[in-house]
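The values are calculated or read from the model by the stated rules, or taken from the named source; none is laboratory data. Quick caveat, the model's predicted, so the values are computed rather than measured. Cβ placement follows ideal geometry from the backbone for every residue including glycine, while neighbour counts extend to all protein chains displayed.
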Amino acid sequence: MNSIDLHTHSHFSDGELSPTDLVATASQQGVTVMALTDHDTIAGLDEAYLAAKHHAMQLIAGVEITARWTNRDIHVVGVNFNPNHPALIQFLDAQAQRRATRAQAIIEKLQQLGCDNVAQKIQQMGALDAITRAHFAKYLVEQGFAKDFKSAFKKYLATGKPAFVATDWPSMTAVIDIIQQAGGQAILAHPGRYELSRTKLRLLIEQFKAAGGDAMEVITSNHTTDQVLSMAKLAEEFHLLASSGSDFHGPSLVHARLGRLPTLPKCCRAIWANWSLTDSSKDEAQL
Ligand code: AMP
Ligand code: MN
Ligand code: MN
Ligand code: MN
């Protein structure tokens with residue numbers, strides 16, 4: 001039976017491992033089907049494909065795209081697209097430009113707040129493509145400005161905080177469209193993490209579906225057992241496929257464990273149910 005993990009990060013964005021080490025680690029944990037889903041970049045895919053071949057793992061093309069929904073940032077995971085699709089490449093180039101401009105603005109804000117050598121320290125962290133707020137959080141913790149990641153966001157980086165920089169991310173609809181234009185499927189990432197009221201969460205899921213979205217993450221590392229069941233019911237109600245991914249960022253971040261994911265509740269239709277997987281994964285699809 002396959003072990004499937006459709007949400008992981010490498011050092012091409014804010015993950016700790018190279019795609020090679022990420023794939024090797026996932027393989028050791030028994031993962032047989034994995035998507036690399038870096039933030040707004042697919043630059044790590046070629047390396048991941050090579051590593052996956054070595055470990056006889058099935059690698060799925062993936063990306064986690066930042067989008068705007070009402071006045072919030074949300075994440076949409078795209079899987080199984082053509083990574084050479086010109087319009088997708090152009091779209092991700094524009095995202096990279098937004099990230100670079102935002103990173104520069106965050107650096108300036110942090111310097112005004114008394115932080116030193118921000119640009120150099122961030123560069124030393126070695127993100128090969130996308131700089132995220134997680135890099136700035138790491139800086140703030142390492143330099144003693146915050147006691148942990150959570151408080152770095154709470155004190156500096158979260159929406160409205162002193163080092164927050166608003167960014168004109170594309171709309172949720174535009175993100176779903178580009179993933180599908182490239183032949184992929186769009187998954188609403190970690191719906192339990194947006195701290196939405198029940199009403200707002202339902203509205204988000206309803207509008208994601210109305211915009212043509214394919215699936216939502218039912219299993220993700222920070223969903224409690226109750227949340228898994230509640231997300232499974234919402235997926236069923238809104239006729240969305242269900243996905244499962246750890247959102248693994250690296251070995252030092254213990255909350256997200258690569259490939260050690262619970263199985264989807266019975267009412268779910270797995271996004272991979274009609275994929276051509278090489279192993280006996282259909283067992284896990286719970287059709
Ligand atoms: P960005 O896409 O640049 O806004 O950065 C988002 C990334 O920052 C997420 O993928 C997480 O890795 C991290 N992150 C966001 N919010 C938090 C939080 N409250 N606590 C810890 N990490 C967070
Ligand atoms: Mn991240
Ligand atoms: Mn995310
Ligand atoms: Mn993620």
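Quick look at the values:
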read-out	value
Residues being buried (at least 17 other Cβ atoms within 10 Å of the Cβ) and either within 16 Å of ligand 2 (Cβ to nearest atom) or farther than 27 Å from Gln207 by Cα (or both) - total across segment 165-181	1
Residue in segment 74-93 that is nearest to ligand 3 (Cβ to nearest atom), counting only those that are over 20 Å from Ser276 (Cα atoms) and either outside any helix (DSSP H, G or I) or at pLDDT below 95 (or both)	His75
Helices (runs of 4 or more DSSP H) wholly inside segment 137-215 containing at least 2 residues that are within 30 Å of Gln124 (Cβ to Cβ) and in contact with a helix residue (DSSP H, G or I) (Cβ under 7 Å, 6 or more places away or on another chain)	149-152
For Gly114: the one exception among (1) within 16 Å of ligand 3 (Cβ to nearest atom); (2) not in a helix (DSSP H, G or I)	(1)
Residue among Asp38, Asp129 that alone is within 14 Å of ligand 1 (Cβ to nearest atom) and surrounded by fewer than 23 Cβ atoms within 10 Å (Cβ to Cβ)	Asp129
Sole residue being in contact (Cβ under 8 Å) with a residue 24 or more places away in the chain and either touching a strand residue (DSSP E or B) at 6+ places or on another chain (Cβ under 7 Å) or within 16 Å of ligand 3 (Cβ to nearest atom) (or both), chosen from Ala105, Ala130, Ala96	Ala130
Residue in segment 14-23 that is buried (at least 24 other Cβ atoms within 10 Å of the Cβ) and either within 14 Å of ligand 4 (Cβ to nearest atom) or at pLDDT below 95 (or both) present	yes
Selected residue (criterion: farthest from ligand 4 (Cβ to nearest atom)) from residues of segment 49-73 that are within 15 Å of Leu277 (Cβ to Cβ) and in a loop (DSSP other than H, G, I, E, B)	Ala56
